[in-house]
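Inspection log for the structure reproduced underneath, given as structure tokens.
The values are calculated or read from the model by the stated rules, or taken from the named source; none is laboratory data. Model, not experiment: these values are computed from the prediction. With ideal geometry, Cβ positions are generated from the backbone for all residues, glycine too; neighbour counts draw on all protein chains shown. All accessible areas refer to the heavy atoms of the entire protein, side chains included, with ligands and DNA or RNA removed. Shrake-Rupley method; radii C 1.70, N 1.55, O 1.52, S 1.80 Å.
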Amino acid sequence: MRNCLVIDLDRCSGCDSCIVACKLENNIDLGNYWNQVIAVGPTGTHPDIEQYWLPVQCQQCENAACVHVCPTGASYRDEKTGVVLIDKAKCIGCQYCMMACPYGVRSFNQKEKVVEKCTLCKERTDRGDIPMCVRVCPGRARVYGALDDPESEISKVVRENHAYQLLEEFGTRPQLRYYNA
């Protein structure tokens with residue numbers, strides 16, 4: 001069962017709650033991020049100016065470039081959930097995966113000398129909870145669930161809103177989806 005997120009860009013206010021919650025939940029070092037919110041814009045000319053926020057994190061790719069380049073097998077896709085993970089015990093810190101990721105969403109942990117990234121809060125989701133970024137989002141811009149279940153909330157949101165993937169042209173088949181209502 002492929003589990004992932006869909007994000008409503010119209011509901012994201014750029015508050016950074018997801019970033020803070022992710023850092024606290026995963027004890028992420030200063031300067032590293034597993035989740036970022038990028039301001040896009042402003043664009044246009046006065047008075048028709050637009051700006052939006054683009055939350056970016058691991059896209060949980062089906063054809064993950066990071067997995068293909070990892071020389072030790074530390075980067076892998078969980079067969080059960082489809083989530084891309086890193087086995088820190090196997091990671092040699094070569095950072096090939098960081099270079100291969102077209103989304104730039106991996107971090108190097110200087111203390112442990114390993115690469116890290118969003119796990120969709122594996123510890124939480126393994127016990128049936130939702131990722132912390134979804135739990136704390138005040139705009140309810142994020143939905144988490146099983147993409148393979150046509151009756152799940154996430155599948156309905158993807159279908160009804162024609163949700164799209166970032167950088168589809170790279171052929172990585174990202175599972176994370178975005179939409180504008």
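Can you find, within the range 27-39, the residue that is farthest from Cys133 (Cα to Cα) among those that are open to solvent by 70 Å² or more (accessible area, probe 1.4 Å) and not polar (S, T, N, Q)?
Leu30
Residues of the range 79-88 being outside any strand (DSSP E or B) and crowded, with 16+ Cβ neighbours inside 10 Å, which ones?
Answer for the range 79-88, where residues must be outside any strand (DSSP E or B) and crowded, with 16+ Cβ neighbours inside 10 Å: Thr81, Gly82, Val83.
Looking at the range 14-26, which of its residues are over 14 Å from Arg124 (Cα atoms) and either touching a Ser or Thr at 6+ places or on another chain (Cβ under 9 Å) or not acidic (Asp, Glu) (or both)?
Gly14, Cys15, Ser17, Cys18, Ile19, Val20, Lys23
Restricting the search to the range 142-181, which residues are among the charged types (D, E, K, R) and either closer than 22 Å to Lys122 by Cβ or surrounded by 15 or more Cβ atoms within 10 Å (Cβ to Cβ) (or both)?
Arg142, Asp148, Asp149, Glu153, Lys156, Arg173, Arg177, listed by residue number.
Condition (residue is of a type outside the set (D, E, K, R), part of a loop (DSSP other than H, G, I, E, B), in contact (Cβ under 8 Å) with a residue 12 or more places away in the chain and within 18 Å of Cys137 (Cβ to Cβ)) applied to the range 4-12: is it met by at least one residue?
Taking every residue of the range 4-12 in turn, at least one turns out to be of a type outside the set (D, E, K, R), part of a loop (DSSP other than H, G, I, E, B), in contact (Cβ under 8 Å) with a residue 12 or more places away in the chain and within 18 Å of Cys137 (Cβ to Cβ).
If you check Pro71, Pro42, which single one turns out to be open to solvent by 50 Å² or more (accessible area, probe 1.4 Å) and more than 23 Å from Asp8 (Cβ to Cβ)?
Being open to solvent by 50 Å² or more (accessible area, probe 1.4 Å) and more than 23 Å from Asp8 (Cβ to Cβ) holds for just one of Pro71, Pro42, which is Pro71.
Going by the structure shown, is Cys97 within 12 Å of the chain's Cα centre (by Cα), within 23 Å of Phe170 (Cβ to Cβ), open to solvent by less than 60 Å² (accessible area, probe 1.4 Å) and at pLDDT 95 or above?
no
Any idea which of (1) out of contact with any Lys or Arg (no Cβ under 7 Å at 6 or more places or on another chain); (2) open to solvent by less than 60 Å² (accessible area, probe 1.4 Å) is the one Pro131 doesn't satisfy?
So the condition that Pro131 fails would be (1).
Quick check: is even one residue across the range 51-61 in a strand (DSSP E or B) and exposed (fewer than 15 other Cβ atoms within 10 Å of the Cβ)?
Checked the range 51-61: at least one residue is in a strand (DSSP E or B) and exposed (fewer than 15 other Cβ atoms within 10 Å of the Cβ).
So which residues in the range 13-30 are closer than 23 Å to Met98 by Cβ, in contact (Cβ under 8 Å) with a residue 40 or more places away in the chain and part of a loop (DSSP other than H, G, I, E, B)?
Selection gives Ile28, Asp29.
Here are the criteria: (1) modelled with pLDDT of 95 or more; (2) under 17 Å from the mean Cα position of the chain (by Cα). Tell me which single one Asp78 does not satisfy.
(1)
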